[in-house]
1. Note the full-extension length gain between R128 and L363 as 0.36 nm times their separation in residues minus their Cα-Cα distance, in nm to one decimal.
2. Counting only C-alpha contacts under 8 Å and six or more residues apart, can you give the relative contact order of the chain as a whole percent?
3. What nm value, rounded to one decimal, do you get for the distance between F282 and M335 when each label is placed 7 Å out toward the C-beta?
4. Once a ≥ b ≥ c are taken as the square roots of the eigenvalues of the Cα gyration tensor of the chain, is the result rounded (a/c under 1.5), prolate (a/b larger than b/c) or oblate (a/b not larger than b/c)?
5. Can you give the FRET efficiency to the nearest 0.05 for A111 and L172, using r as the Cβ-Cβ distance and R₀ = 25 Å?
6. Which FRET efficiency, nearest 0.05, do E253 and E381 yield, Cβ-Cβ r, R0 22 Å?
7. Based on DSSP loop calls and a cut-off of at most 11 other Cβ atoms within 10 Å, the longest stretch of the chain free of exposed trypsin sites (Lys or Arg not before Pro) is what?
8. Label 7 Å along Cα→Cβ of D93; the stretch 313-333 residues with amide nitrogen under 16 Å?
Amino acid sequence: MASGRENGFKYRSELDGASREGHPAVRINPEKGDTDIIDMKTDLEYRPYEEILNIQTGKLRELMKGPWQQAPGFVHRLKDAGLTVDDLCDPGDIMKFPILRKSDLPSIQAAAPPFGGMITVPPGKLRRMYSSPGPIYDPDGHLASYYRWERAFAACGFSEGDIVLNCFSYHLTPAGAMFEEGANNLGCAVIPAGIGNSEIQVSVAAHLKANAYVGLPSYLKVLLEKAEETGLSLPFEKAFVIAEKLPESLRTEFQEENGIHVRQGYGTAEVGAIAYECEEGFGMHLDPTVLVEVLDPETHAPAPAGTPGEVVVTPFNPVNALLRFATGDLSSVTMEPCPCGRKSPRLTGILGRVDQVTKVRGLFVHPGQIAEVMAEFVEIERFRAVIVRERAMDDMTVEVETGKPLAAHTLETASGRLKEVLKLGVRVVRVEPGTIPDDATAIDDRRKWD
């Protein structure tokens, strides 16, 4: 088996193919004198997206012809679909290939343990093996950058010499190790804190002068509150948060009250980095080392820009053959140019899970979309969307509870914002407090189909 160095940096530099001269750069493993670097101005993510897609397609063909042929589960998937690598000629051809659903991994791995025939090396040749809820068993191969978080951290401002408090678990799941790998590759020192024991963590972070944080946004708030209780000062200057929703109000609190520059990212245990915010902070750029599709959950056709769809990804990983891995997460994509100069599309956020989606008048509606709009109105304490079907037409009304009566223009504004987000005409009406039951779902679908 090739060394981690050969499988890692050679693989990355072939994919990137970027010029390395005359621009600011982030060196990977600088203490080892490595020459492979991420050039933050000529990196692949700054190229036209059509060019990125063509490079990705070429890399995917190499993997399908080469290392992935050693994964029997992958070989069987293609054979069952009646396809070969020669069916992948241009970026659009990816649609011909079958989707591998995350929800199917437990049964696939149970039928062909331990990894469903998807890895290209014997299990004993892996670096680590993990177990995530499902259960899903995740391999970790000998690559210098298996999970590829370096771009995300660099976009957040992480750089050589930073001291990072890593507040993700190192127990059985890959989160702690994957984020440590990315930080180390940028030349950062890492405090492997995990989650819990907040008072001790505050003391350690203060003593060791940790200037960067990686973890949940809610846990960052816990640490800041604990520091205030104990009279200690946390020296955090930057924070990369992930794995739960970051409300803009909380980001503003971190940045304005605590002076912490906060950016967020998106990834999974199986894939690693998928998308991340840049310095502009408006949407998450697609990482160029993973091919990302956003697909209509019903037809599996590409979802139009601004329309929610399922995130389906293909990482260029020579160890784990995850072709068209359907995450089950729902997002939408924007193709609008970003002032930062990166050319890749951006995910507008993770709206929730595909299995929570409802179709209204031919369009998908997710509770997270409604909640996001309702959060803009501080007067609204609770809400419920009610869908009925009258005269063969769907009709959706959003009921809201407030402590005081709402002005008509506020209801009209809320209705207009929902129309912008959902692309549907929606009425917003105030109901008396107590009307919405405590156990009510965000979407109450009352349509009758008989």
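1. Extending this stretch completely gives an extra 80.4 nm.
2. Computed value for the chain: 12 percent relative contact order.
3. 1.8 nm
4. It comes out oblate by the Cα gyration axes.
5. Given R0 = 25 Å and the Cβ-Cβ separation, E is 0.65.
6. Working: r = 21 Å, r/R0 = 0.94.
After rounding, the FRET efficiency stands at 0.60.
7. Numbers: sites that count: K209, R391, R446, K448.
Segment 1-208 is the longest.
8. 324
Each value in this text was obtained by applying a stated rule to the coordinates, not by laboratory testing. Bear in mind the structure is a predicted one, so any value in this text is a computation, not a measurement. With ideal geometry, Cβ positions are generated from the backbone for all residues, glycine too; neighbour counts draw on all protein chains shown.
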